[in-house]
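> Quick one: structure below, then a few questions.
The values are calculated or read from the model by the stated rules, or taken from the named source; none is laboratory data. This structure is a prediction, so every number in the text was calculated from the model and none was measured. FYI the Cβ positions are ideal-geometry reconstructions off the backbone, even for glycines, and counts take in every protein chain you see.
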Amino acid sequence: MTASKLTRRGFLRNAVLTTAVLPVTAALTSRQAWAQEKVQPSEPQAKSLKYTHDASTVEAPQYSEGQKCSNCQFYQAGPDTEWGPCTIFGGREVAAEGWCTSYVPKA
């Protein structure tokens with residue numbers, strides 16, 4: 001009788017731990033997968049935000065000198081990276097030298 005209580009208790013403990021760990025593992029794995037995908041200027045969302053890989057090709061009035069993805073608050077990588085995740089594009093990568101109309105300077 002004691003052995004069945006321990007087995008049941010162990011089973012329940014393992015079930016709870018597995019239930020807690022699986023979503024975290026899945027989230028981490030999927031984030032790595034989509035974070036490596038690069039945004040293409042030809043995509044509908046990128047077109048609507050006038051995204052470009054090269055900010056130097058953008059003209060006023062929307063663009064101001066010095067604006068680029070690497071100094072935007074939505075860019076989630078360091079300033080010395082060539083590509084990095086952007087929260088506007090769901091974590092997909094944009095060019096550090098890129099730009100879009102959602103640009104907001106880092107605080």
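> Regarding segment 59-76, can at least one residue be identified that is of a type in the set (Lys, Arg), touching a strand residue (DSSP E or B) at 6+ places or on another chain (Cβ under 9 Å) and touching a residue at least 40 places away in the same chain (Cβ under 8 Å)?
Scanning segment 59-76 turns up no residue that is of a type in the set (Lys, Arg), touching a strand residue (DSSP E or B) at 6+ places or on another chain (Cβ under 9 Å) and touching a residue at least 40 places away in the same chain (Cβ under 8 Å).
> Also, I was wondering about something else. Are any of the residues in segment 82-93 surrounded by fewer than 12 Cβ atoms within 10 Å (Cβ to Cβ) and assigned to a loop (DSSP other than H, G, I, E, B)?
yes
> While we're here: From the list 56, 48, 30, which one is out of contact with any His (no Cβ under 8 Å at 6 or more places or on another chain), of a type in the set (S, T, N, Q) and modelled with pLDDT of 95 or more?
Among 56, 48, 30, only 48 is out of contact with any His (no Cβ under 8 Å at 6 or more places or on another chain), of a type in the set (S, T, N, Q) and modelled with pLDDT of 95 or more.
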